[in-house]
Amino acid sequence: MEIKIQKRVLEANETQAQKNRQYFNDQNVFVMNMMSSPGSGKTQTLCKTLTKLMPALRVGVIVGDICTSNDADRLAVTGVKVTQINTDQFGGDCHLGASLILNSAQALDCRDLDLLIVENIGNLVCPAEFDIGEDVRVVVLSVTEGEDKPLKYPLMFRVADAAILNKIDLLPYLDFDAPLAVENMKTVHPQLPVFELSAKTGAGFDPWIEWIRIKVFEKTGR
Amino acid sequence: MHEMGIAEQLVQIALDAIPPEIENPRVEKLNLKIGKLSAVVAHSLTFCFEVIAKDTPLEGAVLEIETVPVMVQCLSCNARWEVAGPEFRCPDCKVAEVKMVSGREIEITSLELAQ
């Protein structure tokens, strides 16, 4: 006997993501989900980004890692409101699911925030599959990785709303072909905005900061 | 990498779908649709499913996975085509954005009970 079901397997996550989205809309806070492979410089990029956005914008950060609060400690130095999620309590998950986000967001008290940034677990595969109720997704790639990463992980670059190419200060010392890396991103996602910058030197940050400011303003009016 | 979580959801959805009036149900087959662009590896999913399904009415059930091709549509000229590699650029206009028509499915369509 065949029983029809016709259900999306990730429906539980999608339902929770919609609840999160409703909560974020009610709080009038803009939510950015930042993803990348481990070691691309996400946390340092965030630190530099925060110092340029604050105090004009009120920002909170949720950091996901399997273990340690190292990233939260690094971010706290900027004065940002930050909370850490460690997924080892939940089985060492490779991504942040929607159900983990809402409690952390409530703990940060989003009423006082214009922008909430979620630094996802370093992984170019799984986080791409899980909606957490964000407004935009940003993927960070660095020049110490391969130019073909966008082609190897197309889903991540498809679901992203913007991409950062980080560590451009290292280009003189590497064989990395930056135009090819950007071209590969556009192959997967033709209209993807790409920001080439260095979290170490601060080069290239202005267009990236402007992009965030416009996005936050479009949603929150602030 | 997250196939274990997906297998857990799969088993839960299937168990919920079995009519309660059936005594000692035994599921022979689960029919799934998995898009080629979804981050799910069929072999891993099958392995995880066997682990999770143990000691449930789904123990021993076969996962019948229909792979769904990646289809996209150009938002400018409306051309529609199947994406074979990671090339999402419209062959005609090159720059326009495309929308996904299919290829991201992770769906359970039906289950088959033993008579």
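Quick note: the coordinates plus some simple rules give every number you see, no bench work behind them. Given the structure is predicted, the values throughout are model-derived calculations rather than measurements. Positions of Cβ are generated from backbone atoms using ideal geometry, with glycine treated the same way; all protein chains shown enter the neighbour counts.
The count of lysine pairs in the range A:12-220 that are at least 8 places apart or cross chains, and whose C-alpha atoms lie under 20 Å apart, stands at 22.
Unpaired Cys in chain A, meaning no second Cys C-beta under 4.7 Å: A:47, A:67, A:110. How many percent of Cα pairs in the range A:12-220 exceed 21 Å? In whole percent, the share of Cα-Cα pairs in the range A:12-220 beyond 21 Å is 50. Averaged over the residues of peptide A:152-165, the number of Cβ atoms from other protein chains lying within 10 Å of each residue's Cβ is 2. Give the residues of the range B:17-58 whose amide nitrogen is closer than 17 Å to a point set 7 Å from the Cα of residue A:15 in the direction of its Cβ. The answer is B:17-18, whose backbone nitrogens lie closer than 17 Å to the label point.
Computed per residue of the protein assembly as shown from DSSP H runs no shorter than four, each worth -39500 (n - 2.57), the mean residue ellipticity at 222 nm is -10000 deg cm²/dmol.
Springs join every pair of Cα atoms under 10 Å in this Gaussian network model of chain B, and among B:94, B:33, B:54 the largest mean-square fluctuation is at B:94. Once you have a ≥ b ≥ c as the square roots of the Cα gyration tensor eigenvalues for the range A:99-144, tell me rounded if a/c is under 1.5, and otherwise prolate or oblate according to whether a/b is larger than b/c. Prolate, because a/c is 1.5 or more and a/b exceeds b/c.
Under 14 Å of direct C-alpha separation, and excluding same-chain neighbours fewer than eight residues apart, residue B:94 reaches these aspartates and glutamates: A:183.
Given R₀ = 22 Å, FRET efficiency for residue A:200-residue A:70 by Cβ-Cβ distance, to 0.05?
0.75
Within the same chain, aspartates and glutamates fewer than 8 places from residue B:33 are excluded, and of the rest, those with a Cα less than 12 Å from its Cα are B:64, B:66, B:105, B:107. Net charge in the neighbourhood of residue B:64 (other residues with Cβ under 13 Å of its Cβ; Lys, Arg +1, Asp, Glu -1) is -3.
Shielding by partners for peptide B:95-104, expressed as the average number of C-beta atoms from other protein chains within 10 Å of each residue's C-beta, is 2.
Residues of B:31-41, mean number of Cβ from any other protein chain within 10 Å of their own Cβ, rounded to a whole number?
Mean shielding count: 4.
Taken one residue at a time, the phi angles of the range B:16-29 give Karplus couplings (6.51, -1.76, 1.60, θ = phi - 60°) of 5, 7, 6, x, x, 6, 7, 8, 6, x, 9, 8, 8, 8 Hz. Gly and Pro are set to x. Annotation: for a label point projected 7 angstrom from Cα along Cα→Cβ of residue A:211, residues of the range A:172-193 with backbone N closer than 14 Å are A:182-183, A:185-186, A:189-193.
Could you give the distance between the Cα centres of the range A:1-73 and the range B:33-105, to the whole Å? If you average the Cα positions of each part, the centres end up 24 Å apart. Listed from fewest to most Cβ neighbours within 10 Å, the set B:13, B:6 follows the order B:13, B:6. Modelled spin labels at residue B:18 and residue A:222, positioned 7 Å past Cα toward Cβ, are 5.1 nm from each other.
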